[in-house]
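Structure, as C-alpha cells:
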Amino acid sequence: MAATTQEGVEKLTLADTNPKLPQTNGHKTGENDDADHGEDSDEDEHEHVAGNGANGTNGDAAPKKKKKKPKKKKKAGAAGAAAKAQTSPPRIPVSQLFPNNEYPEGEIVVYKNENSFRTTNEEKRYLDRMNQDYLSEYRQAATVHRQVRKWAKSYIKPGQGLTEIADGIEDSVRHLVGHMGLEEGDGLKAGVGFPTGLSINHCAAHYSPNAGCKVVLGEDDVMKVDFGVHVNGHILDSAFTVAFNPRYDPLLKAVRDATNTGVREAGIDVRMSDIGAAIQEVMESYEVEINGNTLPVKAIRNLNGHDIGHYQIHGGKSVPIVKGGDQTKMEEGEVFAIETFGSTGKGYVRNEGEISHYALKPDAPKVALRVSSAKVLLSSIKKNFGTLPFCRRYLDRLGHEKYLLGLNNLVQSGIVEDYPPLVDVKGSYTAQYEHTILLRPTVKEVISRGDDY
C-alpha cells in the first residue's frame with residue numbers, strides 16, 4: 001500500500017496492536033510420467049509358452065512361465081509433489097504447487113561490514129531457525145504475489161475498466177491463498193493485504209475503483225499497480241508501474257532504479273536519512289521528454305516507505321525518499337516496504353478525489369454509536385478485516401447495502417481512518433515501484449523480488 005505522507009498531508013500510520021529468486025513453477029513437470037507406466041499386468045506371470053498344445057498333451061512337463069519383469073520404482077514424492085503449471089487467470093492454490101510448504105526464497109543479501117558476523121554467528125542462526133513458520137508464510141505470500149503480477153502484466157491492456165482489473169487481481173490472490181473471504185473471519189486467515197491501488201497519471205496512490213466506476217485505462221496512461229497479499233497477518237507489499245507508450249520508459253526506469261537503491265542501502269543499523277539521500281540522488285539523475293519538453297524526474301518528497309507490522313500495513317517508522325535529518329535506525333527483525341515515487345510535476349502530493357481506502361484504527365476510542373448501521377458495520381469490519389485496510393468494493397462483496405452513512409459515522413467518530421487519493425498537479429505523470437524486505441538476524445531477504453523487478 002502506498003507510503004506514509006508528511007508535510008501537510010496526513011501521515012498514514014497504523015500503530016502495532018497485536019499482536020532465491022523464485023521460479024514460479026519451480027518443480028520439474030513430467031515427474032509423474034513414469035509412475036504408472038512400464039508395469040506389466042499380473043496376468044503375464046502365469047502365461048504358458050506357446051507350443052505346449054492346446055490340450056496340454058505334454059502334461060508331464062512342467063509348464064514354463066515367462067520371467068517376471070521388474071517393476072519400475074516410482075520416484076520419491078512423485079505422487080503430487082511435482083508442480084503443476086499455474087492457470088490463466090491464476091486459480092490453483094500455491095499450496096498445491098508446493099505441497100510441502102517449501103516456497104522459494106526471495107533474494108538473499110549477506111550483511112557486510114560491522115554486521116558481517118551475523119552470517120555465521122550461532123546465536124543469530126538459532127534466532128533465524130526459530131522464525132521458520134514466519135518465513136514460510138511470508139514466502140507463500142510472495143509466491144502468490146509473483147504469480148498474480150506475472151498474469152496481471154500480460155492481462156492489463158488499454159481499454160479495460162479499472163474495476164475489471166482490480167477484481168481480476170484480487171480474485172486471483174484469494175484463489176491462490178485458498179481463502180475467498182466470504183465466510184466470517186476467513187479473510188483474516190489469508191487473502192488480500194489491502195485494496196488494489198490503480199492510480200493513473202498525476203494520481204500517485206490510494207485510488208481503487210468504487211462501485212459504478214467508469215474509468216477506463218488509456219493507451220497513453222501511466223498506472224501504478226499496488227497490491228498486497230497476507231498470510232496470517234504477514235503482509236507482502238509490492239508495486240509496479242504499467243505504461244504502454246515508450247516515452248515514459250525513463251520515468252519508470254528512474255523509479256525502479258531508485259527503489260533498488262533503497263533496497264540495497266537498507267539494513268540493520270542503517271539510518272533512514274542515509275537511505276532517503278541515496279534514493280533521491282539516483283531518481284533525480286533522470287530526465288524524461290514528453291511532448292518536446294525535457295522534464296526532470298522528482299522524488300515525491302511527502303511520500304515514504306514504511307515498516308510493516310502484524311496485520312498492520314503501516315507501522316511506526318517511515319523510510320524517506322529524499323534527504324533529511326531522520327536519524328532513526330532500522331533494526332533486526334523488522335519488515336519494511338521500500339517504495340519510491342517519481343513525478344514529472346511538483347514532486348508533492350495532496351488529498352483529492354473520492355475515497356475508497358479505509359482501515360480500522362488499532363487504538364480506536366470506545367465511542368457510543370448512535371447510528372445503527374455504524375454498529376453493524378463496525379462489527380463486520382472487526383470480524384472480516386481487523387486492522388487490515390479495506391475498500392467499499394469489499395463491503396459490497398460481503399453483502400452490505402446502504403452503508404455509507406454508517407461508514408462516515410465511524411470515520412467521524414475516529415474509529416475508522418479514511419485514506420483519500422494522493423495527487424500531484426494535473427498534467428503530470430507519476431510512477432511507483434516497491435519491494436518488501438525482511439531484516440532477518442543472519443541475512444537481508446528481499447522477499448518480493450522476482451524475475452520482473
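The values are calculated or read from the model by the stated rules, or taken from the named source; none is laboratory data. Quick caveat, the model's predicted, so the values are computed rather than measured. Don't worry about glycine lacking a Cβ; one is built from the backbone with ideal geometry, like all the others, and counts go over all protein chains shown. When the accessible area is computed, the model is the full protein with side chains, heavy atoms only, and any ligands, DNA or RNA have been set aside. Shrake-Rupley method; radii C 1.70, N 1.55, O 1.52, S 1.80 Å.
Restricting to region 239-256, give me the number of residues that are open to solvent by less than 40 Å² (accessible area, probe 1.4 Å) and farther than 16 Å from GLY347 by Cβ.
Number of matching residues: 7.
Scan region 183-200 and give yes if some residue there is within 17 Å of VAL94 (Cα to Cα), of a type outside the set (A, V, I, L, M), touching a Lys or Arg at 6+ places or on another chain (Cβ under 7 Å) and at pLDDT 95 or above, otherwise no.
Yes.
List the strands (runs of 3 or more DSSP E) inside region 267-336, counting only whole elements, that have at least 1 residues being under 26 Å from the mean Cα position of the chain (by Cα).
Those strands (runs of 3 or more DSSP E) span 305-307.
Residue-by-condition table, conditions (1) assigned to a loop (DSSP other than H, G, I, E, B); (2) among the aliphatic types (A, V, I, L, M):
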residue: THR387; (1), (2): yes, no
residue: TYR394; (1), (2): no, no
residue: VAL411; (1), (2): no, yes
residue: GLY414; (1), (2): yes, no
residue: GLY427; (1), (2): yes, no
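Can you tell me how many residues in region 374-399 are open to solvent by less than 40 Å² (accessible area, probe 1.4 Å) and under 14 Å from GLY187 (Cβ atoms)?
13
For SER343, are the conditions met, namely being closer than 30 Å to LYS298 by Cβ and touching a helix residue (DSSP H, G or I) at 6+ places or on another chain (Cβ under 9 Å)?
When the stated conditions are applied, SER343 passes them.
Just give me the residues in region 94-117 being of a type in the set (S, T, N, Q) and touching a Ser or Thr at 6+ places or on another chain (Cβ under 7 Å), in sequence order.
ASN101, the sole residue that qualifies.
Which of the residues belonging to region 131-188 are assigned to a loop (DSSP other than H, G, I, E, B) and under 23 Å from ASN245 (Cβ atoms)?
Scanning region 131-188 gives ILE156, LYS157, PRO158, GLY159, GLN160.
When residues of region 208-227 are filtered for being open to solvent by 40 Å² or more (accessible area, probe 1.4 Å), assigned to a loop (DSSP other than H, G, I, E, B) and closer than 24 Å to PRO246 by Cβ, how many remain?
Residues in region 208-227 being open to solvent by 40 Å² or more (accessible area, probe 1.4 Å), assigned to a loop (DSSP other than H, G, I, E, B) and closer than 24 Å to PRO246 by Cβ: 3 in total.
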